[in-house]
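First the structure, in the form of structure tokens, and then the observations on it.
No lab work stands behind these numbers, since they all come straight from the coordinates. Fair warning: this is a prediction, and the values are worked out from it, not measured in the lab. FYI the Cβ positions are ideal-geometry reconstructions off the backbone, even for glycines, and counts take in every protein chain you see.
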């Protein structure tokens, strides 16, 4: 697969999401979702994409089904009725359309997230004309999330070894969470304050004269192409949205 | 005093851009909300029209990014260093509760913590950045950036008003913040997704719909039930965690320093 600059991939993902949102046609949403899954297969991340998308979309789809279809009072073609439940064809169509639109939105961004080189993304942000703090915060967060998860596991194990946090029911659960959260937050903040001294010692955020030893490579056409894609998507979104999109 | 130990102080040199962009961002968010509420789309039998979805997505996101670009350069290193901790806590705690059967989110404890410790600008920046970075793991949170910024900003305001000195006020401040967050976020849930991100919150919306309410009204009512309780809990937990910090660490943060220097501390 062709390796794009992180910002070119981001421009494509934003454009696809915006167009799907504005057009609001089930066949376009389905096509975008299928294309995202197809590209994920080529990139070897299809299983992760579908698992993550499933975890994100399942509660949303359930919610859309309940909100639009299960208790629909407006639709005329009733499929199932009993008590407060009134499942209509119109409600199912609306829930299905919204569900597909959400699936397209989630799958394009997840495809980008799973295929982008996160270190390259941080370096690209650092090299762009944005505040230096942004690059640092994104890099630090991406490193801290797995570190925080691991630290939480280590704290849980340590508390279990010393026999703390035993007990069943909501009180026991609450006690276990307190014994996890307090040391987790305290140690994370202590580390952050130590890091802030290091940042101050190095004159962070210094000024605009930062350079990189190895800048993220970008082909000459990528920047104008990315800008063109975004402008066209914005224009198409305005046009489609002003026409009603349906 | 300089925020850098090696470079001269740049106090007083806040650029015009840093003053204007946050105001512009807030104005774009407010205009988007007003447009969505005043020109509320009529639901057809076949569903919703698409312009509110595009307006909510693009308007809120653009406003939040303008806010972020204006605020970030003003932040001292102590605030910059703590923001990733807040974001990591949001993600770790939010992923846990997000899809359970509890109609709460608990995905803003980190944002509130940063707001209380490092102030309004850092809180707002944490809210926006939280949505941007978390969207790498869960893209559905991306359009909620403006609501998250408001939570961080209001947490900073609560810290400035002395919530850390009187922890019992934290749930009250959280409750009021939850009302603002609910009102701001409801159009995104209604028009971008046509529902909520959890099964329990979806059931509440369905109940209001079955009682005859429109989509935006139902989601706003659900949010007004879930968000104030959620934020009251988040503010209380964050304030208790700050209270549990050693004084030596707390005093590293400008907002806490200001509070400590007030008479009566």
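For chain B, find the longest principal axis of its Cα atoms and tell me its angle to the long axis of helix B:215-244, 0 to 90°, nearest 10.
20
Out of A:142, A:100, A:12, any idea which swings most in a Gaussian network model of chain A, alpha carbons joined below 10 Å?
A:142
Could you please state, rounded to a whole Å, how far the C-alpha centre of segment B:145-180 is from the C-alpha centre of segment B:199-247?
Rounded to whole Å, the Cα centres lie 14 Å apart.
Could you give the Stokes-Einstein D for segment A:74-153 in µm² per second, using the C-alpha Kirkwood radius, 25 °C, 0.890 mPa s?
My calculation gives 146 µm²/s for D.
I'd like the mean, over residues of B:119-132, of how many other protein chain beta carbons sit within 10 Å of each residue's own Cβ.
Mean inter-chain Cβ contacts per residue within 10 Å come to 1.
Given the peptides A:88-97, B:112-121, B:73-82, arrange them by the average over their residues of other C-beta atoms within 10 Å, most packed first.
Sorting A:88-97, B:112-121, B:73-82 by mean packing, highest first, produces B:112-121, B:73-82, A:88-97.
Starting from 0 in steps of 20 Å, tell me what percent of the Cα-Cα pairs of the protein assembly as shown lands in each bin.
Result, from short to long distances: 22, 56, 21, 1 percent.
How far, in degrees from 0 to 90, does helix B:51-71 lean away from the longest principal axis of the Cα atoms of chain B, to the nearest 10?
It is inclined by approximately 0 degrees.
Quickly estimate the mean residue ellipticity at 222 nm for chain B, helices only: each DSSP H run with n ≥ 4 gives -39500 (n - 2.57), and the total goes over all residues, rounded to 500.
Value at 222 nm, helices only: -22500 deg cm²/dmol.
In nm², what is the average projected area of the convex hull enclosing the Cα atoms of segment A:131-201?
Its Cα hull, projected and averaged over all orientations, spans 5.9 nm².
In nm, to one decimal, how far is the modelled label at residue B:225 from the one at residue B:17, with both set 7 Å along Cα→Cβ?
About 4.7 nm, to one decimal.
Can you give me the Cα centroid spacing of segment A:31-83 and segment A:93-107 in angstrom?
Here the answer is 6 Å between Cα centres.
Per 10 Å bin, what is the whole-percent P(r) computed from every C-alpha pair distance within chain A?
6, 19, 23, 23, 19, 8, 1
For helix B:145-160, what angle does its Cα long axis make with the longest principal axis of chain B, in degrees from 0 to 90 and rounded to 10?
Compared with the principal axis, the helix lies near 40 degrees.
Can you give the Rg and Dmax of segment A:161-237 based on its C-alpha atoms, in angstrom?
Expressed in Å, the Cα Rg and Dmax of segment A:161-237 come to 24.8, 63.
What number does chain B give for Rg over Rh if you use C-alpha atoms and the Kirkwood radius?
With Rg and the Kirkwood Rh in hand, the quotient comes to 1.00.
How many partner chain Cβ atoms sit within 10 Å of a residue's Cβ in peptide A:141-153, on average, as a whole number?
Taking all residues of A:141-153 together, the mean is 5.
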